[in-house]
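Only one structure is covered here, and it is reproduced in the block below.
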Amino acid sequence: MALEALVGLASLRAKKGVRESALELLLIVLNHPASPQETRNRAAHLRAELEAQLTRQQVDAAQARATAQTFEAVVDKVLKQAEPT
């Protein structure tokens with residue numbers, strides 16, 4: 001469920017123009033061994049769209065950040081960003 005939620009959040013970020021961050025989330029989902037095929041398919045489709053809109057440097061930076069974090073750390077970060085202040 002959390003993986004599907006990350007794809008949804010990535011989609012929202014992409015629509016808001018925060019493409020590099022959206023790609024980072026998608027890469028985390030795609031690299032997670034528990035990602036269901038349907039979730040992977042959605043993530044891969046959006047990934048292709050985003051990569052077409054980003055520079056090679058932006059894609060490389062998103063990939064570096066995605067591989068440097070654990071899934072748990074990403075979820076914790078997302079949840080903290082969603083907390084009311």
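Given +1 on the Cβ of Lys and Arg, -1 on the Cβ of Asp and Glu, and no further charges, what dipole in debye does the chain carry about its Cα centre, rounded to the nearest 20?
On the way: 11 positive and 10 negative charges, 43 e Å.
That gives the chain a dipole magnitude of about 200 debye.
At a threshold of 8 angstrom on Cα-Cα distance, excluding pairs fewer than six apart, so keeping six or more, what relative contact order does the chain reach in percent?
Relative contact order of the chain: 31 percent.
Could you tell me the distance between the Cα centroids of region 27-46 and region 66-85, to the nearest Å?
17 Å
Put +1 on the Cβ of each Lys and Arg and -1 on the Cβ of each Asp and Glu in the chain; which of A2, L46, P33 then has its Cα farthest toward the positive end of the dipole?
L46
Hey, of (1) 13.3; (2) 13.6; (3) 12.7, which did the structure itself give for Kirkwood radius over Cα pairs in Å when calculated?
So the structure-derived entry is (3).
Would you please put 35-45, 72-82, 1-11, 49-59 in order of how densely packed they are, using the mean number of other Cβ atoms within 10 angstrom per residue and starting with the highest?
1-11, 35-45, 49-59, 72-82
No lab work stands behind these numbers, since they all come straight from the coordinates. Note that this is a predicted model, so its numbers are computed, not measured. Cβ sites come from the backbone with ideal geometry, for glycine too, and all protein chains shown count toward neighbours.
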